[in-house]
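The values are calculated or read from the model by the stated rules, or taken from the named source; none is laboratory data. Because the structure is a prediction, the values reported are computed rather than measured. In this analysis, Cβ positions are derived from the backbone assuming ideal geometry, glycine residues included, and neighbour counts consider all displayed protein chains.
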Amino acid sequence: MSKTYQAIVIGAGPAGSSAALTMARAGLDVALVERGSFPGEKNMFGGVLHRLPALEKVFPDFWERAPLERHIIKKGVTFMTGDSSFNTTIEAGNFDKPPYNGYTIFRPRFDSWLAEEAVAAGAKLITRATVDEVLRKDGRVTGVSILGRSGQLNAPVVVAADGVLSFTAQKAGLRRPSFDPAQMAVGVKALIDMPREMIDERFGLVRDQGFANEFVGCTEGVRGGGFLYTNYDSLSVGLVFHLASLRTSGKTPYDLLNAFMEQPQMAKMVNGGRLQEYSAHLIPEGGYDMIPELVGDGIIVAGDAAAFCNATGLNLEGINLASQSGVIAGEAVVAAHRDKDFSKNGLSVYKKLLEESYVIKDLKLYRKAPHMLHNNRIYQEYPELMCSFMENIYKIEGAPKENITKLFLKSAKEKVGLGNLLADGFSAWRSL
Ligand SMILES: Cc1cc2nc3c(=O)[nH]c(=O)nc-3n(C[C@H](O)[C@H](O)[C@H](O)COP(=O)(O)OP(=O)(O)OC[C@H]3O[C@@H](n4cnc5c(N)ncnc54)[C@H](O)[C@@H]3O)c2cc1C
């Protein structure tokens, strides 16, 4: 059976549900098509949800209603070298006051809730429906077919929000048919149950406060890093690897994750917890240079499908960019209906609005960061440098002391080399 809508959104992740919600609120008849048996079933992330300015506008009581875990007040980075580690942590008073800077969330709960909000606004959610083909007439997209189902869904415009691999954008000719492993990362995560009081005590938290920590030097030389985030009564612990580096290492993500959790510093943090589940997902980490064609005749690409993920090495932002681009895609579709123009030209207001938003501005600002993060020294030699430098500062041997600059240069020379230090410092300065 065929059905016609005013718009079809593929994928009920943060990008798709934000787009569907925006369109439904504006009165459009929109179908939100999701392959999972419920939105979020197939989705995982680290992770921290950051502010969502566009969605907050469509949905002013968003933060009161969304299913959130802890708000992040402490952010840290740990440099590790097997049996030594050096931490830096910021605990910001401002992060403990609303509007909070970020929350831990669970994707199955969050994604389901956001999709339900789109449904409450009038969108039609179709689950267990994997979009198979993008239908076209005279070169323009006119709808989609669903795997294993007869008939089709028709609409003058389709929003491809089907995530990092976006077969839809590929089939519509907006993305290359294969992806470049140098622009992709894979994340693996262990969810560890732990009593709430134990988390509070171990990480120095009270009320609903949360902690987010990144780790460098914990990936056995594979380019990547680790994370630990506190939920109410569980920890999300994981690793993210550059796909190309992981492939050449011959190591498996789960072996590396288990080794990470057994490192002395990590073992203390997860001790007393109970492993609940493992999960894994790809991340588009190529930044601005990975962005595909964003619009075609009758189609718009949003979220991870458009590579809107900002991985700077300091933070990983994806959901906020996905949601922001979803809202803007929704607004562009509403404008296209008003103007009755679904051509590439008519839909290009999407690109214009994106360029004015922080999505494209931030990706442009950090355009060089993905390249900088391909430097292998970041993942082994620099953590060793930080740990040995700090160890030398605090070592008291009853012998005359050396000044701090000398101590630093000594560690730098031994671990990285002074020429590399200068070159890497310049590259980091240009990238960040
Ligand atoms: C390990 C890891 C850690 C991360 N940490 C963070 C973090 O801390 N903060 C942050 O902001 N971001 C983080 N991210 C990134 C973030 O998860 C993504 O950027 C975000 O989920 C993108 O949202 P999206 O809606 O574009 O895509 P997705 O969330 O991938 O949603 C796509 C949806 O489309 C559906 N779908 C796919 N194909 C089809 C099809 N053919 N037919 C129908 N439905 C389909 C999927 O089932 C899914 O529901 C992390 C990612 C990973 C993997």
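For region 198-221, how many residues meet the condition of being outside any loop (DSSP other than H, G, I, E, B) and among the β-branched types (Val, Ile, Thr)?
Residues in region 198-221 being outside any loop (DSSP other than H, G, I, E, B) and among the β-branched types (Val, Ile, Thr): 2 in total.
Listed residues Ala54, Ala118; which is more than 20 Å from the chain's Cα centre (by Cα), surrounded by 21 or more Cβ atoms within 10 Å (Cβ to Cβ), farther than 30 Å from Cys218 by Cα and in contact (Cβ under 8 Å) with a residue 12 or more places away in the chain?
Result of the check over Ala54, Ala118: Ala118.
Can you pull out every residue in region 308-329 that is of a type in the set (A, V, I, L, M, F, W, C) and buried (at least 19 other Cβ atoms within 10 Å of the Cβ)?
Of everything in region 308-329, those that are of a type in the set (A, V, I, L, M, F, W, C) and buried (at least 19 other Cβ atoms within 10 Å of the Cβ) turn out to be Phe308, Cys309, Ala311, Leu316, Ile319, Leu321, Ala322, Val327, Ile328, Ala329.
If you take the residues in region 390-420 that are assigned to a helix (DSSP H, G or I), touching a residue at least 24 places away in the same chain (Cβ under 8 Å) and of a type outside the set (Gly, Ala, Ser), which one is nearest to Lys361 (Cα to Cα)?
Asn420
Taking Met266 as meeting all but one of (1) within 8 Å of the ligand (Cβ to nearest atom); (2) more than 14 Å from the chain's Cα centre (by Cα), write down the number of the exception.
Result: Met266 passes all but (1).
Select, from Ala305, Ala332, the only residue that is in contact with an Asp or Glu (Cβ under 6 Å, 6 or more places away or on another chain), crowded, with 20+ Cβ neighbours inside 10 Å and not basic (Lys, Arg).
Going through Ala305, Ala332 in turn, just one is in contact with an Asp or Glu (Cβ under 6 Å, 6 or more places away or on another chain), crowded, with 20+ Cβ neighbours inside 10 Å and not basic (Lys, Arg): Ala305.
For the list (1) under 21 Å from Ala302 (Cα atoms); (2) outside the structural domain of Ala26 (by TED's automatic domain parsing), I need the number of the one condition that Leu153 fails.
With (1) under 21 Å from Ala302 (Cα atoms); (2) outside the structural domain of Ala26 (by TED's automatic domain parsing) applied to Leu153, the lone miss is (2).
Mind listing just one residue for me: the one in region 154-177 that is more than 15 Å from the ligand (Cβ to nearest atom) and touching a helix residue (DSSP H, G or I) at 6+ places or on another chain (Cβ under 9 Å) and, of those, modelled with the lowest pLDDT?
Pro177
Take Ser245 and decide whether it is in a helix (DSSP H, G or I) and in contact with a Ser or Thr (Cβ under 9 Å, 6 or more places away or on another chain).
Yes: the conditions hold for Ser245.
Taking the stated definitions as given, is Phe260 in contact (Cβ under 8 Å) with a residue 40 or more places away in the chain and not in a helix (DSSP H, G or I)?
Here the answer is no, as Phe260 does not meet what is asked.
Can you name every residue in region 106-128 that is within 12 Å of Val9 (Cβ to Cβ) and in a loop (DSSP other than H, G, I, E, B)?
Within region 106-128, just Ala123 meets the criteria.
Within region 253-297, take every residue that is in contact with a Gly (Cβ under 9 Å, 6 or more places away or on another chain) and of a type in the set (Gly, Ala, Ser) and give me the one that is surrounded by the most Cβ atoms within 10 Å (Cβ to Cβ).
Among those residues, the one meeting the criterion is Gly296.
Going by what's in this entry, would Val301 be described as assigned by TED's automatic domain parsing to the domain that holds Ala26, over 17 Å from Asp362 (Cα atoms) and within 13 Å of the ligand (Cβ to nearest atom)?
For Val301, the condition - assigned by TED's automatic domain parsing to the domain that holds Ala26, over 17 Å from Asp362 (Cα atoms) and within 13 Å of the ligand (Cβ to nearest atom) - is met.
Which of the following residues is on the phi > 0 side of the Ramachandran plot and basic (Lys, Arg): Lys364, Lys268, Lys340?
Lys340 is the lone residue from the list that is on the phi > 0 side of the Ramachandran plot and basic (Lys, Arg).
Are there helices (runs of 4 or more DSSP H) fully within region 312-359 with at least 2 residues that are in contact with a helix residue (DSSP H, G or I) (Cβ under 7 Å, 6 or more places away or on another chain) and among the charged types (D, E, K, R)? List them.
319-339
Search region 123-153 for residues being closer than 23 Å to Arg338 by Cβ and within 16 Å of the ligand (Cβ to nearest atom), and hand back the single one that is surrounded by the fewest Cβ atoms within 10 Å (Cβ to Cβ).
So the residue we want is Lys124.
Residue under question is Asp362, and the condition is that it be within 13 Å of the ligand (Cβ to nearest atom) and not assigned by TED's automatic domain parsing to the domain that holds Gly224; does it hold?
Here the answer is yes, as Asp362 does meet what is asked.
Residue-by-condition table, conditions (1) touching a strand residue (DSSP E or B) at 6+ places or on another chain (Cβ under 6 Å); (2) more than 9 Å from the ligand (Cβ to nearest atom):
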residue	(1), (2)
Ala20	yes, yes
Pro39	no, no
Lys42	no, no
Phe45	no, no
Asp61	no, yes
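Select, from Leu28, Leu32, the only residue that is more than 7 Å from the ligand (Cβ to nearest atom), of a type in the set (A, V, I, L, M, F, W, C), surrounded by fewer than 24 Cβ atoms within 10 Å (Cβ to Cβ) and over 30 Å from Lys75 (Cα atoms).
Selected residue: Leu28, the only one of Leu28, Leu32 that is more than 7 Å from the ligand (Cβ to nearest atom), of a type in the set (A, V, I, L, M, F, W, C), surrounded by fewer than 24 Cβ atoms within 10 Å (Cβ to Cβ) and over 30 Å from Lys75 (Cα atoms).
Going through region 389-432 one residue at a time, which ones are under 38 Å from the mean Cα position of the chain (by Cα), of a type in the set (Asp, Glu) and over 21 Å from Leu314 (Cα atoms)?
Answer for region 389-432, where residues must be under 38 Å from the mean Cα position of the chain (by Cα), of a type in the set (Asp, Glu) and over 21 Å from Leu314 (Cα atoms): Glu391, Glu414.
Within region 370-387, take every residue that is part of a loop (DSSP other than H, G, I, E, B) and within 22 Å of the chain's Cα centre (by Cα) and give me the one that is farthest from Gln183 (Cα to Cα).
The qualifying residue farthest from Gln183 (Cα to Cα) is Asn375.
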